[in-house]
2 protein chains.
Amino acid sequence: GTFERICQAIAPHLKEGAIVTDVGSVKGAWVARMESLMPRHAFFVGGHPIAGREKSGVEAATADLFQGNRCILTPTAQSNPKALKKVAALWEKAGARVSEMDPFDHDQILAAVSHLPHLVAYVLMETLTHPKIAKKNPVQFSAGGLRDFTRIAASSPEMWRDIFLLNREAMVEMVDLYQETLEKVKKKIIDGDGPGLMEIFSRAKSVRQKALS
Amino acid sequence: GTFERICQAIAPHLKEGAIVTDVGSVKGAWVARMESLMPRHAFFVGGHPIAGREKSGVEAATADLFQGNRCILTPTAQSNPKALKKVAALWEKAGARVSEMDPFDHDQILAAVSHLPHLVAYVLMETLTHPKIAKKNPVQFSAGGLRDFTRIAASSPEMWRDIFLLNREAMVEMVDLYQETLEKVKKKIIDGDGPGLMEIFSRAKSVRQKALS
């Protein structure tokens, strides 16, 4: 899409040793595609700083956005080690904690901790518009629970459409897992399985602790 | 459960004109049950202040917890109008905006805006513990999206087990709607239906605006 067009447009003008990097949320096959569009004397390094907010655009910029947050670089066998080091140094200067991983691992991990949560929030909002429940106008009675979700659902719709479609494969895999888990938990509610629910809620607490550490 | 035992224990000691109310998250059939446990000269009025936080217990108390938040009272044909007025006045003094509605409507609305969001968050956490994805240790890369969910999943597990099981019928109905919606959105991702996704995300924004107003 856009990245390819930009790469094709700039490729003829790249100087000897030029490094091209990106901040896109989906890597996978795109990294190899970007690499293949570079001239021999220029280097591509895929990057993804994990530091989003619900606001987008230049007006939403803050100087410390990357401070203490993670940035994932996705080198391949084709990557130039010096170029990789330079891009890592750039992100470290901005305060980010840099990790390196395979582009496809990146997509699975981001599907799990970022793309799926956003999808789940959007689906919740959409559920509340279902005529069966919307006629009772429940949203006026929303408290903490729903409001945390609405912040997520306030992110840029265009960006999330693109992310969901670009990362389709990993997304669908995660949604399958989510559906399987939801069905399991629903069954426990139907069966009145209190201990089973407690077990799940306790595990949730341990995930929370990991996420905040 | 607990409420019934307490009602049975206090019933013989209630003075003429005594008013009993509660702050439970589930109403439905329980309100009629509580009413039936009152002696003739005492009055039950169901109440539910919508002002939870992820912390529970006396230590988490704050003086302005109810300020500006909603409180739902659930009178029935049996309710004493004077008792209802007194309970409403009590909550208004605490700063709450009081609404009245049918106990079963209450349960459906709360299932939609509070119980379902919490379930969806717990299911997300549980999904991340699935061996297929947990082996990649994704949670260390969590950003905003997941962290908003972890706050929800930090609420009291005992309380949520009780709410899910007490409000079983409305919950399962809402989970069915959620599953139907999730399947619909997954299909749009599989089909690469960008405009269809944009339509859903736009509706989500309008739900958000209602929830925050």
If DNA, RNA and ligands are ignored and the probe is 1.4 Å, what is the ranking of A:43, A:3, B:149 by accessible area, most exposed first? A:3, A:43, B:149
Ordering A:200, B:19 by the accessible surface of their heavy atoms, 1.4 Å probe, largest first, yields B:19, A:200
Relative to the Cα centre, what is the charge dipole magnitude of the range A:1-111, using +1 at the beta carbon of each Lys and Arg, -1 at the beta carbon of each Asp and Glu, and rounding to the nearest 20 debye? 280
Shortest-first distances to equivalent copies, position residue A:68, nm, label 7 Å out along Cβ: 2.6
Could you work out the relative contact order of the range A:13-92, using alpha carbon pairs under 8 angstrom and six or more residues apart, expressed as a whole percent? 32
For chain B, give the magnitude of the charge dipole about the Cα centre (Cβ charges: +1 Lys/Arg, -1 Asp/Glu; no others), in debye to the nearest 20. 480
Any chance you could look up the accessible area of residue A:178 with a 1.4 Å probe, heavy atoms only, rounded to 10 Å²? 0
With every protein chain in place, the accessible area of residue B:208 for a 1.4 Å probe, in Å² rounded to the nearest 10, comes to 60
Farthest toward the dipole's positive end in the range A:2-101, which of A:18, A:34, A:58, given Cβ charges of +1 (Lys, Arg) and -1 (Asp, Glu) about the Cα centre? A:18
Starting from the Cα of residue A:180, step 7 Å along the direction of its Cβ; do the same at residue B:11; then give the gap between the two resulting points in nm. 4.9
Can you list residues whose amide H is under 5 Å from residue B:99's amide H, if they're 5+ apart or on another chain and H is modeled 1.01 Å from N? B:71, B:72, B:73
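Relative contact order of the range B:105-212: what whole-number percent is it, with Cα pairs under 8 angstrom and at least 6 residues apart? Before the final figure, lay out each step's value.
On the way: 34 pairs, mean separation 37.7, N = 108.
Relative contact order of the range B:105-212: 35 percent.
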Diffusion coefficient in µm²/s returned for the range A:2-101 by Stokes-Einstein, Kirkwood Rh over C-alpha pairs, 10 °C and 1.306 mPa s, is 111
Say R0 is 25 Å: what FRET efficiency, to the nearest 0.05, do residue A:198 and residue B:147 get from their beta-carbon distance? 0.60
Note down the net charge around residue B:166, summing +1 for each Lys or Arg and -1 for each Asp or Glu among other residues with Cβ under 13 Å from its Cβ. -2
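Given the convex hull over the Cα atoms of the protein assembly as shown, what projected area results after averaging over all orientations, in nm²?
Values: hull surface 91.2 nm².
Convex hull of Cα atoms, orientation-averaged projection: 22.8 nm².
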If you put a point 7 Å past Cα along the Cβ direction, how far is that point for residue A:2 from the same point in each other copy, in nm, smallest first? 5.1
What fraction of the DSSP beta bridges in the protein assembly as shown is antiparallel, stated in percent and rounded to the nearest 5? 30
Enter the accessible area of residue B:160 (Å², nearest 10), with the probe set to 1.4 Å and all protein chains included. 10
What translational D, rounded to a whole number of µm²/s, comes out for chain A from Stokes-Einstein when the hydrodynamic radius is the Kirkwood one over Cα pairs, at 37 °C and 0.692 mPa s? 165
Each label sits 7 Å from Cα toward the beta-carbon; between residue A:89 and residue B:130 the label points are separated, in nm, by 4.3
For the range B:40-164 (alpha-carbon point model, no solvent) the Debye-based log₁₀ I(q)/I(0) at q = 0.10 Å⁻¹ works out to -0.45
Summarise the accessible area of the range B:61-127 (1.4 Å probe, protein heavy atoms) by the percent that is carbon and sulfur. 54
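Report the calculated FRET efficiency for residue B:172 and residue B:77 (r = Cβ-Cβ distance, R0 = 22 Å), to the nearest 0.05.
On the way: r = 27 Å, r/R0 = 1.24.
Plugging the Cβ-Cβ distance into 1/(1 + (r/R0)^6) gives 0.20.
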Excluding residues fewer than 8 places away in the same chain, name every one of the lysines whose C-alpha is closer than 22 Å to that of residue B:15. B:82, B:85, B:86
Given H placed on each backbone N at 1.01 Å, which residues far from residue A:18 in sequence or on other chains put an amide H within less than 5 Å of it? A:43
Under the Karplus relation 6.51 cos²θ - 1.76 cosθ + 1.60, θ = phi - 60°, what is the ordered set of whole-Hz ³J(HN,Hα) values for the range A:129-134, x standing for Gly and Pro? 8, 5, x, 3, 10, 4
Along Cα→Cβ, 7 Å out, is where each label goes; now give me the distance between the ones at residue A:100 and residue B:100 in nm to one decimal. 7.0
Over the Cα atoms of the range B:100-213, what radius of gyration and what Dmax do you get, in Å? 16.2, 49
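Using 0.36 nm per residue, how much length does the chain from residue B:23 to residue B:158 gain when fully extended, once their Cα-Cα distance is taken away? Intermediate values should be presented prior to the final figure.
Numbers: separation 135, 0.36 × 135 = 48.60 nm, distance 1.61 nm.
In short, 47.0 nm is gained.
The values are calculated or read from the model by the stated rules, or taken from the named source; none is laboratory data. Note that the structure is a prediction, hence the values are computed from the model and not measured. Positions of Cβ are generated from backbone atoms using ideal geometry, with glycine treated the same way; all protein chains shown enter the neighbour counts. SASA here: full protein model, heavy atoms, side chains in, ligands and nucleic acids out. Shrake-Rupley method; radii C 1.70, N 1.55, O 1.52, S 1.80 Å.
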